[in-house]
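*Asks:* So that we are looking at the same thing, I have put the structure below in C-alpha cells.
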Amino acid sequence: MKILVVEDEERVAHFIQKGLKEEGHAVDVSYDGEDGEFLAEVNDYDLIILDLMLPKKNGIVVCRELRASGVATPVLMLTARDSVEDKVRGLDAGADDYLPKPFAFEELLARVRALLRRQSDSKSPILKLADLELDPISRRVSRRGKAIRLTTKEYALLEYLMRNPDKVLSRTLIGEHVWDMNFDPESNVIDVYVSHLRAKIDKGFEPALLHTLRGQGYLLSDDSPPV
C-alpha cells in the first residue's frame, strides 16, 4: 500500500517511515501542512498519517480541505494533545482515526492495518486474476490452490499489479507506488523484482500472467499482451 506521512518532527517521521517500509508499504514523507495537502491531492494514496500541529497549515485545516476537495483517502491523525475536544475536532474535520503521542509503534501498525483493511473491504476482499488469488488481509497468495511464498516487496509489487489488472504500468508508476516518490526510474531493481515474481507466479502454470512490454512497462493479464 502507498502511505503519506505528514509530520514536522523529522525524527518521528523517519521512525514511522522506516517501520512502515519494513512492513512492505511505499511511504512518502512531508514536513508541513501545505506540502502534505498538495501531495495528497496529486497522488493516489491508500492512507494518510497526519500530524495535528504542523507548520504553514495545521492538520485540522489540511484534513478539512482534503475532504472538501473530494479526497476520500483514510486519515489517521497524530497529536501530542489528548483532550476530548481535540479528538472531536479531528474527527469532525474528516479524520478516520486518532492516535495520541507518544505511542507504541505496534499500536500505530494495528491502526494502520485496521484502516487499510476497511479500505480493502470496501473494494474487494480477495483479489483474483484467472487462478491467481491474493488475500490483502492475510497476505496469502496462491495459484491454482497452491500457496506461493513471496518476500515483502514481491508481495507489494504483486498487490499493486493485481489492483490494476489489464493495465500497462510504467516503471515510474510502479516505482512511485511500490517504493516511493524518490525512486530512481533508471535503477534496474524493478526488473529484478519482476523477474523474481514471474518465476514464482508463472513458472509451472498456464497461461503466463506477468508480461513485459518493451519501452512501456509491465502488464498483469490472462490475455495475450498486445504486440
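The values are calculated or read from the model by the stated rules, or taken from the named source; none is laboratory data. All of these numbers come straight from a predicted model, not from anything done at the bench. We place every Cβ from the backbone using ideal geometry, glycine too, and count neighbours over all the protein chains shown. Calculation scope for accessible area: heavy atoms of the full protein, side chains included, ligands and nucleic acids excluded. Shrake-Rupley method; radii C 1.70, N 1.55, O 1.52, S 1.80 Å.
*Asks:* What is the one condition in (1) modelled with pLDDT of 90 or more; (2) open to solvent by 30 Å² or more (accessible area, probe 1.4 Å); (3) touching a Gly at 6+ places or on another chain (Cβ under 8 Å); (4) closer than 23 Å to residue 125 by Cα that residue 168 does not satisfy?
*Replies:* With respect to (1) modelled with pLDDT of 90 or more; (2) open to solvent by 30 Å² or more (accessible area, probe 1.4 Å); (3) touching a Gly at 6+ places or on another chain (Cβ under 8 Å); (4) closer than 23 Å to residue 125 by Cα, residue 168 is out only on (4).
*Asks:* So, one more: For the stretch 28-66, which positions are in a helix (DSSP H, G or I) and either under 23 Å from residue 113 (Cβ atoms) or small (Gly, Ala, Ser) (or both)?
*Replies:* Hits for the stretch 28-66 are 33, 36, 39, 40, 59, 63, 66.
*Asks:* List pairs: first in the stretch 206-221 and under 14 Å from residue 193 (Cβ atoms) and at pLDDT 90 or above, second in a loop (DSSP other than H, G, I, E, B) and open to solvent by 30 Å² or more (accessible area, probe 1.4 Å), Cβ under 6 Å, 6+ apart or cross-chain?
*Replies:* 220/165
*Asks:* What number of residues within the stretch 125-154 are hydroxyl-bearing (Ser, Thr, Tyr) and either within 21 Å of residue 190 (Cα to Cα) or in the same structural domain as residue 113 (by the TED database) (or both)?
*Replies:* 2
*Asks:* Considering only residues that are more than 19 Å from the chain's Cα centre (by Cα), assigned to a helix (DSSP H, G or I) and modelled with pLDDT of 90 or more, which ones fall in the stretch 68-107?
*Replies:* Residue satisfying the conditions is 68 alone.
*Asks:* With the requirement that a residue be crowded, with 19+ Cβ neighbours inside 10 Å, modelled with pLDDT of 85 or more and in a loop (DSSP other than H, G, I, E, B), what does the stretch 108-164 give you?
*Replies:* Answer for the stretch 108-164, where residues must be crowded, with 19+ Cβ neighbours inside 10 Å, modelled with pLDDT of 85 or more and in a loop (DSSP other than H, G, I, E, B): just 150.
*Asks:* Could you please give the count of residues in the stretch 9-27 that are part of a loop (DSSP other than H, G, I, E, B), among the charged types (D, E, K, R) and either out of contact with any strand residue (DSSP E or B) (no Cβ under 9 Å at 6 or more places or on another chain) or outside the structural domain of residue 111 (by the TED database) (or both)?
*Replies:* The total comes to 1.
Listed here are the residues, each with its yes/no results for (1) surrounded by 16 or more Cβ atoms within 10 Å (Cβ to Cβ); (2) not in a loop (DSSP other than H, G, I, E, B).
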position: 187; (1), (2): no, no
position: 191; (1), (2): no, yes
position: 195; (1), (2): no, yes
position: 198; (1), (2): yes, yes
position: 206; (1), (2): no, no
position: 211; (1), (2): yes, yes
position: 215; (1), (2): no, no
position: 219; (1), (2): yes, yes
position: 224; (1), (2): no, no
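*Asks:* Of the residues that make up the stretch 66-86, is at least one in contact with a Ser or Thr (Cβ under 7 Å, 6 or more places away or on another chain) and surrounded by 14 or more Cβ atoms within 10 Å (Cβ to Cβ)?
*Replies:* yes
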